[in-house]
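Peer 1: I have a structure I would like to understand better, so I am pasting it below and will then ask my questions one at a time.
The values are calculated or read from the model by the stated rules, or taken from the named source; none is laboratory data. Bear in mind the structure is a predicted one, so any value in this text is a computation, not a measurement. No Cβ is skipped: glycine too gets one built from the backbone with ideal geometry, and neighbour counts run over all protein chains shown. What goes into the accessible areas is simple: the full protein's heavy atoms, side chains included, and nothing from ligands, DNA or RNA. Shrake-Rupley method; radii C 1.70, N 1.55, O 1.52, S 1.80 Å.
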Amino acid sequence: MKEQTVMLAIETSCDETAAAVVVNGRKVLSNIIDSQIDIHTLYGGVVPEIASRKHMEKIVPVVDHALSTAGLTFSDLDAVAVTYGPGLVGALLVGVAYAKALAFASGLPLVGVHHIEGHISANYIENEELTPPFLCLVVSGGHTHLVNVVDYGKYEILGRTRDDAAGEAFDKVARAIGLGYPGGPKIEKAAKEGDPEAFHFPRPGFGEGCYDFSFSGLKSAVLNTLNEYKMKGTSFSQADVAASFQAAVTEVLVTHAMEAVEKTGAKKFAIAGGVASNGALRKAMEDACREKGIAFFHPSPILCTDNAAMIGAAGYYDFIAGKRAGMDLNAVPNLVLG
Ligand code: KG4
Ligand code: ZN
């Protein structure tokens, strides 16, 4: 095998058309993200049909941009990686179809990547010293998973959400308090001006030894509080609700994560996914890991939310493990990890 693997990675699982060129899974030569957020904001959330159409418009220019930014052409590539699930089927299909066509036309090997594996692998990009095993909390708009990364490409799910994902709860609460879409960054901003102890929202859990999460009860508690205020005709502080909600989510995530660290004896802990770009969560995790005397890792905010560099990181380790996708690669909206 060549000393270095130059990989083109493609990600279209939700509302970002993204392409990146990554060398040996860790060195990012380009990372182009075309976000559709402005158009979906008009509808208060992602509209799947619009997402696929936008991916079709953008996939070719985004890939071209990734190559030109890296100063490369198709002939410099060694492999192509693409997210094939989980995600919106129509959105995933655009990336999968493009990657297959490119692999077929160029003869390049093709690797199908799990989106969550991508989020976890985002941690490899800026943390050269990070190698498995480690624990990783993946918190995004569609997923909340506490994962034992046993080795590259080998995962054990320790806990997952039983209802809403953490990011979904941020988005729903933001909408309820009038902050709009996307909720996560808006709640984080509003929370900076608020009192995290103004409201005591529940910290749901399932007892010792169970690392599952539940966020729909917490979301309902926020909605019920708001309704009570409205019925009484009293006003509430948006910032206080945001800060108190963020504090509750953070506490639940940190508590579960540190219980798992204790139980497994993990020496390294990482966070990943869109919600991992939340500064309050990052700080709380960092403090908790310091207290436990273990190393803490997190990607930069731009590598937390959906991007293709993380697919290039995960795809590289799949590639060197010999995993290859054929021309029958299909989008799998409910693809499981493990
Ligand atoms: O990983 P991601 O980009 O897409 C999925 O795979 O779902 O995550 C998007 C989610 C959204 O729910 C968004 O509100 C949340 O991540 N998010 C945040 C922040 N930035 C994005 N949540 C909390 N604080 C943030 N700063
Ligand atoms: Zn994602």
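Peer 1: For the Cα atoms of the chain, what angle does the longest principal axis make with the long axis of helix 115-126, in degrees from 0 to 90, nearest 10?
Peer 2: So the inclination is approximately 80 degrees.
Peer 1: Starting with the highest mean, order 113-124, 52-63, 20-31, 191-202 by the number of other Cβ atoms within 10 Å, averaged over the residues of each peptide. List each step's numbers first, then the result.
Peer 2: Details: 113-124: 27.8, 52-63: 19.3, 20-31: 21.7, 191-202: 16.2.
Result, highest mean Cβ count within 10 Å first: 113-124, 20-31, 52-63, 191-202.
Peer 1: Report, ordered by chain and residue number, the lysines lying within cross-link reach of K263, taken as a straight Cα distance under 25 Å and ignoring same-chain residues fewer than 8 apart.
Peer 2: Counting by Cα, and skipping residues close in sequence, K263 has these lysines nearby: K154, K283, K292.
Peer 1: Still on this structure: Based on the mean of other beta carbon atoms within 10 Å per residue, what is the order of 144-154, 69-79, most packed first?
Peer 2: 144-154, 69-79
Peer 1: For the chain, what is the relative contact order in percent, using Cα pairs closer than 8 Å and at least 6 residues apart in sequence?
Peer 2: Computed value for the chain: 25 percent relative contact order.
Peer 1: May I pose another question? Note down the net charge around G194, summing +1 for each Lys or Arg and -1 for each Asp or Glu among other residues with Cβ under 12 Å from its Cβ.
Peer 2: -3
Peer 1: Which of H145, G233, L135 sits farthest toward the positive end of the charge dipole of the chain, with +1 on the Cβ of Lys and Arg and -1 on the Cβ of Asp and Glu?
Peer 2: Among H145, G233, L135, the one farthest towards the positive end of the dipole of the chain is G233.
Peer 1: Quick one: check the C-alpha center-to-center distance for segment 6-56 versus segment 145-183, whole angstrom.
Peer 2: Segment 6-56 and segment 145-183 have Cα centres spaced 19 Å from each other.
Peer 1: Additional query: Run the simple label-point estimate for N334 and V60 please: 7 Å along Cα→C-beta, distance reported in nm.
Peer 2: My value for the distance between the label points is 3.6 nm.
Peer 1: With a cut-off of 8 Å between alpha carbons and a minimum separation of six or more residues, what is the relative contact order of segment 131-299 in percent?
Peer 2: Details: 319 pairs, mean separation 44.3, N = 169.
With pairs under 8 Å counted, the relative contact order is 26 percent.
Peer 1: If the cut-off is 16 Å between C-alpha atoms, which aspartates and glutamates fall inside it for K323, apart from same-chain ones fewer than 8 positions away?
Peer 2: Once the sequence-local aspartates and glutamates are set aside, what remains near K323 is D78, E117, D151.
Peer 1: To make sure I understand the rule: partners must be aspartates and glutamates, Cα under 16 Å from the Cα of K230, and not fewer than 8 residues away in the same chain. Which ones qualify?
Peer 2: D240
Peer 1: Per residue, how much accessible area does segment 63-176 have with a 1.4 Å probe, in Å²? It would help to have the intermediate numbers written out before the result.
Peer 2: Working: 3980 Å² over 114 residues.
Value returned for segment 63-176: 35 Å² of accessible area per residue.
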